[in-house]
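Trainee: Take a look at the following structure, please.
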Amino acid sequence: MLTCKETTKLVSREADEELTLKETLDIRLHVLMCSACRNFRSNVQFLRRICKVAAASDNPTDGVPDDAS
């Protein structure tokens, strides 16, 4: 089983890239038994979703010229 340190590293990687099946299963097993890592993973996933929403809202409306007043 993974340690908390190994799990948090994988969770951080998971936010940016696809993990192998083994890595994904290792995380799932660990977070089933560790509430601290489960909370960490939940927070990372939440922050990722919020960042995507914020990035999407920063995009200007298509079809509107920059000099439109």
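We did not get these values from a lab; they are worked out from the coordinates using the rules stated. These figures come from a predicted structure and were not determined experimentally. Positions of Cβ are generated from backbone atoms using ideal geometry, with glycine treated the same way; all protein chains shown enter the neighbour counts.
Trainee: What FRET efficiency would be calculated for the residue pair Leu32, Ala54, taking the C-beta separation as r and a Förster radius of 30 Å, to the nearest 0.05?
Mentor: 0.45
Trainee: Another one. How much net charge surrounds Leu21 when only the other residues with a Cβ under 13 Å from the Cβ of Leu21 are counted, with Lys and Arg +1 and Asp and Glu -1?
Mentor: That sum, taken over residues with Cβ under 13 Å, equals -2.
Trainee: Excluding Val31 itself, what net charge comes from residues whose Cβ is under 9 Å from its Cβ, given Lys and Arg +1 and Asp and Glu -1?
Mentor: Computed value for this residue: +3.
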